[in-house]
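Here's the structure we're looking at; comments come further down.
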Amino acid sequence: MKSLIYVFCLLAYSQVAYPQLYGHQNYPQLGLAFDIPEGWVGQEGDGMILLGSNTIPGFVMIATHQYNKQQLTDEARNGIMEEGGTSLKLVGELKNYAQNAIGGNFTGTLEGQPAKAYVIGVANPQAYGVTIMAATLKDSFTDEHQRACQEIYRSLKFSDVNLKKGLIEWKEWLSDSRLTYMNSYSSNSYVSGGLSAGSSTKKTIDLCKKGYFKFNGSSSATISGSNATMLNHGSDQGQGDWDLVLGEAGGYVLVLAYNDGTKVEYNLTYEDDKLYLNGTRYFVTSEGEYAPNCN
């Protein structure tokens, strides 16, 4: 579940950060479409849609997931717990809306304040499922919140999107390849003494077809002038297994699972024949001196 504390912060500043959404919404890259109920206004957040109303307190959150129905059921029964005083527990039994959808009432606290919520979870075996959640302070919760969730659920449409095929193609492309990030900086100052400074950074991620990776990072910094010098070198930061998975908000994610238990995730994008990891440009090579070390 996306952080509800984040949701509150986003709602507080969203009027200047995000365009407003009304009516029918279509996300073909996710294979889903739905209608925003009358009287509600939507705004895009971090992998979610948030709805607010001028007459109904609280919010409605629409987010994607990759759970099946049993996993949704288990999550609902475990409740929603986050840092900062957020804890919501299921009240009563879950309702079966369809073979792939459940709903239920929750009560507890949001940021330490008594609150209530209604949640509908919809599984989609072909691609992304959807969670629809309406929440507000306990004394402000009404049937309108549950009704908003149900209207969105009834309007929800899934379409065919071959995400798994794309996942296979990405994995074939990146297997036995080296991803390289390079950055350098230098500056000159004309103050007395002729001080100059520079720095460089290089990172490589070798993605081996057998499923393991090797990460190497190095950086150096120099300051010269008036007999001042400094030099630092990075070192091998470990290795482990790598994989590609579908991101909750669409797209593909590179997961590096280090042997010490640490996991690092990178959102992958490909624009203008260039690869980006979390928005940072990486070069992809596989031959010669730039081939990965997969021995």
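If you check 241, 272 for being in contact with a Phe, Trp or Tyr (Cβ under 7 Å, 6 or more places away or on another chain) and in the same structural domain as residue 208 (by TED's automatic domain parsing), only one passes: 241. Filtering segment 22-37 for residues that are in contact with a Phe, Trp or Tyr (Cβ under 7 Å, 6 or more places away or on another chain), modelled with pLDDT under 85, assigned by TED's automatic domain parsing to the domain that holds residue 137 and not in a loop (DSSP other than H, G, I, E, B) leaves an empty set. Only one of the listed residues (270, 266) is within 20 Å of the chain's Cα centre (by Cα) and at pLDDT 90 or above. That residue is 266.
Only one residue in 278, 295 is over 23 Å from the mean Cα position of the chain (by Cα), without any contact (Cβ under 8 Å) to a residue 40 or more places away in the chain and loosely packed, with under 14 Cβ neighbours inside 10 Å. Which one? Walk me through it before giving the result.
Values: 278 fails: over 23 Å from the mean Cα position of the chain (by Cα).
Only one candidate qualifies: 295.
Within the option set 94, 167, 174, 137, being farther than 20 Å from residue 69 by Cβ, touching a Lys or Arg at 6+ places or on another chain (Cβ under 9 Å) and not hydroxyl-bearing (Ser, Thr, Tyr) holds for one residue only, 137.
Looking only at residues in segment 77-94 that are touching a Phe, Trp or Tyr at 6+ places or on another chain (Cβ under 8 Å) and outside any loop (DSSP other than H, G, I, E, B), the one that is nearest to residue 246 (Cα to Cα) is 80.
When each of 203, 210 is tested for being in a strand (DSSP E or B), farther than 30 Å from residue 28 by Cα and at pLDDT 85 or above, the lone residue that passes is 203. Taking the criterion of being surrounded by 18 or more Cβ atoms within 10 Å (Cβ to Cβ) and in contact with a helix residue (DSSP H, G or I) (Cβ under 6 Å, 6 or more places away or on another chain), the residues of segment 23-49 that qualify are 34, 37, 43, 45.
The values are calculated or read from the model by the stated rules, or taken from the named source; none is laboratory data. The structure presented is a predicted model; accordingly, all values stated were derived computationally and were not measured. Reconstructed Cβ throughout: ideal geometry from the backbone, glycine too, with neighbour counts over all protein chains shown.
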